[in-house]
Amino acid sequence: MGYAVAPHHSGVYPVHVQLYEAWKKVWNIKITSTEEYPHLKPARYRRGFIHKNIMVLPRQTCGLFTHTIFYKEYPGGPKELDKSIQGGELFFTVVLNPVSIFMTHLSNYGNDRLGLYTFVNLANFVQTWTNLRLQTLPPVQLAHKYFELFPDQKDPLWQNPCDDKRHRDIWSKEKTCDRLPKFLVIGPQKTGTTALYLFLVMHPSILSNSPSPKTFEEVQFFNRNNYHRGIDWYMDFFPVPSNVTADFLFEKSANYFHSEEAPKRAASLVPKAKIITILIDPSDRAYSWYQHQRSHEDPAALKFSFYEVISAGPHAPSELRTLQKRCLVPGWYASHIERWLVYFPPFQLLIIDGQQLRTDPATVMDEVQKFLGVSPHYNYSEALTFDSHKGFWCQLLEEGKTKCLGKSKGRKYPPMDSDSRAFLSSYYRDHNVELSKLLHKLGQPLPSWLRQELQKVR
Ligand SMILES: Nc1ncnc2c1ncn2[C@@H]1O[C@H](COP(=O)(O)OS(=O)(=O)O)[C@@H](OP(=O)(O)O)[C@H]1O
């Protein structure tokens with residue numbers, strides 16, 4: 001059959017990954033079901049998802065539980081059961097759900113005919129009073145049919161298991177929700193996110209994730225496929241805080257900013273998290289990104305000049321078009337911020353001026369501390385120093401030594417050519433106008449680069 005149900009509902013959702021792995025390896029299970037995703041109630045909002053190639057279907061409840069065995073002992077009296085069947089809750093469950101899945105306990109099968117009574121009567125009632133045609137399918141076919149009907153449900157949306165008492169109760173006792181970030185630095189890339197990261201971890205109450213072997217300080221969970229590894233995988237990157245209220249766990253993944261999925265996924269798992277973004281002139285960002293790709297020996301970036309990349313037309317080779325999109329799209333600042341604001345209220349979002357972070361990081365870090373509400377106040381004016389050799393602000397260590405970012409941050413490259421500058425100024429014009437309106441709406445000051453760009457519009 002390929003179908004299994006976890007005892008006591010536990011392990012299917014919130015996901016206990018060991019269960020999925022054992023199911024797959026030992027029993028070749030392909031399908032399961034749960035009442036818990038995303039919540040127990042109301043039944044019609046339940047969804048399915050696919051995790052580790054196991055298809056999880058939403059399950060409904062019919063009012064019969066392990067101890068509901070005899071008709072006359074139905075909670076509230078047998079009339080209640082009949083009412084539920086004849087136009088009541090159970091009837092509506094079937095009517096409102098294109099696919100309804102129920103589970104009966106073995107004891108109900110063995111000791112009583114109540115399950116049969118309920119479903120024979122329910123089917124009769126539905127067929128008598130509606131035009132619905134009821135159909136059944138074995139689990140594997142049903143699961144395929146389900147995700148054919150609801151393809152958008154294939155991707156799971158993980159929630160914080162501690163936000164729902166029932167989820168917490170059925171989750172592993174050894175797990176904790178304390179290993180989730182209180183804030184996210186979302187990017188975009190090349191705006192100074194690593195400098196901000198370095199400055200943040202200097203603070204005694206701010207703790208970052210441990211590094212990833214592939215993506216260094218970035219976990220990159222919410223934006224791409226790592227998300228499908230599940231929240232245990234994510235939480236393993238974070239330390240258990242010594243004091244849950246005082247310690248601020250965070251992660252920065254600079255690709256979150258322009259990701260379609262990240263805001264929704266982040267809001268689902270860490271809805272109270274504060275979000276920090278840094279903006280510099282999108283033209284400079286694009287150029288820095290292009291230089292970054294060249295130094296990582298991206299063949300297309302080595303082959304084409306910056307001007308060729310940014311100005312490529314619709315008939316340009318696909319490698320060039322792909323590079324162009326990756327280079328330019330993150331600079332559509334207003335659209336990306338608007339998407340974050342669909343899921344997070346404005347007071348949870350801080351927009352940092354990247355130019356100021358570069359020239360006056362201590363003031364920015366004061367603003368960041370205030371925004372986060374973190375204590376004790378850390379004096380960055382004393383802890384940071386301008387390193388003239390590096391040309392950037394760095395951490396001041398003992399005996400006047402400095403800890404600066406590596407040579408991949410603050411690269412040396414020729415200034416942008418004037419044709420590219422003019423092209424990008426015009427390319428980003430509408431986006432920048434939108435950004436100025438958005439910042440105005442949010443009551444935020446305009447960074448100086450934006451004011452300059454807007455002057456060109458007039
Ligand atoms: N203090 C300090 N030290 C070094 N670099 C600094 C600093 N403050 C800001 N910047 C600017 O940060 C740019 C790199 O941005 P990111 O760290 O966001 O890049 S990345 O997306 O993580 O690759 C990097 O871009 P490039 O100059 O193009 O290398 C710097 O201009």
>> Could you tell me the calculated FRET efficiency between residue 325 and residue 423, based on Cβ-Cβ distance and R0 = 22 angstrom, to the nearest 0.05?
In response: 0.90
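Of all accessible surface on the stretch 128-169 at a 1.4 Å probe, what whole percent is carbon and sulfur? List each step's numbers first, then the result.
Working: 1550 of 2990 Å².
Reported share for carbon and sulfur atoms: 52 percent.
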> Taking only the alpha-carbon atoms of the stretch 231-270, what semi-axes of the equivalent ellipsoid follow from 5 times the gyration tensor eigenvalues under a square root, in whole Å, largest first?
Replying inline: 22, 11, 10
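So, for the stretch 64-220, what is the accessible surface per residue at a probe of 1.4 Å, expressed in square angstrom? Walk me through the numbers on the way to the answer.
Working: 8840 Å² over 157 residues.
Accessible surface, normalised per residue, equals 56 Å².
Rounded to the nearest 0.05, what FRET efficiency do residue 135 and residue 385 have when you use their Cβ-Cβ distance and R0 = 60 Å? Can you show the working numbers first?
On the way: r = 72 Å, r/R0 = 1.20.
Plugging the Cβ-Cβ distance into 1/(1 + (r/R0)^6) gives 0.25.
Excluding residue 346 itself, what net charge comes from residues whose Cβ is under 15 Å from its Cβ, given Lys and Arg +1 and Asp and Glu -1?
On the way: positive: 272, 274, 339, 437, 441; negative: 338.
Net local charge, residue 346 excluded: +4.
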> When the distances between all Cα atoms of the stretch 300-416 are binned every 10 Å from zero, what whole-number percent does each bin get?
Replying inline: 11, 26, 28, 25, 10, 1
> Using a basic spin-label model with each label point 7 Å from the Cα along Cα→Cβ, how many nm lie between residue 440 and residue 296?
Replying inline: 3.7 nm
> Between 373, 457, 423, whose Cα lies farthest towards the positive end of the dipole of the stretch 356-458 when Lys and Arg beta carbons carry +1 and Asp and Glu beta carbons carry -1, centred on the Cα centre?
Replying inline: 423
> Separation between the residue 225 and residue 398 pseudo-spin-labels, each 7 Å from Cα along Cα→Cβ, expressed in nm?
Replying inline: 4.6 nm
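Using a 1.4 angstrom probe on the protein heavy atoms only, could you order 55, 1, 365, 103 from most to least accessible area? Show your work: numbers first, answer last.
On the way: 55 25, 1 170, 365 0, 103 50 Å².
Ranking 55, 1, 365, 103 by accessible area, largest first, yields 1, 103, 55, 365.
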> Based on the Cα coordinates of the chain, what is the per residue volume of their convex hull in Å³?
Replying inline: 206 Å³
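What order do 378, 227 take when sorted by accessible area (1.4 Å probe), most exposed first?
On the way: 378 55, 227 0 Å².
Largest accessible area first, the list is 378, 227.
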> Could you give the dipole magnitude of the chain about its Cα centre, charging the beta-carbon of Lys and Arg +1 and that of Asp and Glu -1, in debye to the nearest 20?
Replying inline: 660 debye
>> Tell me the mean residue ellipticity at 222 nm calculated for the chain from its helices only (DSSP H runs of n ≥ 4, each -39500 (n - 2.57), averaged over every residue, nearest 500).
In response: -11500 deg cm²/dmol
> Hey, what do the phi angles of the stretch 403-417 turn into as Karplus ³J(HN,Hα) couplings, whole Hz, using 6.51/-1.76/1.60 and θ = phi - 60°, x for Gly and Pro?
Replying inline: 10, 9, 6, x, 6, 7, 10, x, 5, 9, 8, x, x, 5, 6
> Just the Cα atoms of the stretch 34-141: what Rg and Dmax do they give in Å?
Replying inline: 14.4, 43
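Among residues other than residue 448 whose Cβ falls under 14 Å from its Cβ, what is the net charge (Lys/Arg +1, Asp/Glu -1)?
Working: positive: 358, 451, 456; negative: 281, 284, 353, 360, 453.
That works out to -2.
With all protein chains present and a 1.4 Å probe, how do 283, 210 order by accessible area, largest first?
Solvent-accessible surface, decreasing: 210, 283.
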> Given 359, 270, 125, which one lies farthest toward the positive end of the charge dipole of the chain, if we put +1 on the Cβ of every Lys and Arg and -1 on the Cβ of every Asp and Glu?
Replying inline: 125
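Tell me, rounded to the nearest percent, the portion of alpha carbon pairs in the stretch 1-66 spaced more than 19 Å apart.
Working: 588 of 2145 pairs.
Of all Cα-Cα distances in the stretch 1-66, 27 percent exceed 19 Å.
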>> Once the cut-off is 20 Å, how many percent of the Cα-Cα pairs in the stretch 254-339 end up in the long-distance tail?
In response: 42 percent
>> Please list, in order along the stretch 194-205, the HN-Hα scalar couplings obtained from phi with the Karplus expression 6.51 cos²θ - 1.76 cosθ + 1.60 (θ = phi - 60°), rounded to whole Hz, x for Gly and Pro.
In response: 6, 5, 4, 4, 4, 5, 4, 6, 6, 6, x, 9
>> For the chain, which cysteines have no second Cys with its Cβ under 4.7 Å from theirs?
In response: 62, 327
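Restricting to the chain, compute how many DSSP beta bridges are antiparallel as a %, nearest 5.
On the way: 10 of 30 bridges.
About 35 percent, rounded to the nearest 5.
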> Heavy-atom accessible area of residue 23 with all protein chains present, probe 1.4 Å, nearest 10 Å²?
Replying inline: 20 Å²
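What is the magnitude of the charge dipole of the stretch 311-417 about its Cα centre, with +1 placed on the Cβ of each Lys and Arg, -1 on the Cβ of each Asp and Glu, and no other charges, expressed in debye to the nearest 20? Walk me through the intermediate numbers first.
On the way: 13 positive and 11 negative charges, 113 e Å.
Rounded to the nearest 20 debye, it is 540 debye.
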>> From the C-alpha coordinates alone, can you work out the Kirkwood hydrodynamic radius of the stretch 96-225, in Å?
In response: 20.7 Å
>> Amide H of residue 212 versus every other amide H placed in the peptide plane: which residues, excluding those fewer than 5 positions away on the same chain, fall under 5 Å?
In response: 217, 218
> Roughly speaking, what is the stretch gain from residue 165 to residue 61, that is 0.36 nm per residue apart minus the C-alpha to C-alpha distance, in nm to one decimal?
Replying inline: 35.6 nm
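The values are calculated or read from the model by the stated rules, or taken from the named source; none is laboratory data. For clarity, every value in this text was computed on a predicted model and none was experimentally measured. Cβ coordinates were reconstructed from backbone atoms using ideal geometry, including for glycine residues, and neighbour counts include every protein chain displayed. We work out accessible area using only protein heavy atoms, side chains counted, and drop any ligands, DNA or RNA first. Shrake-Rupley method; radii C 1.70, N 1.55, O 1.52, S 1.80 Å.
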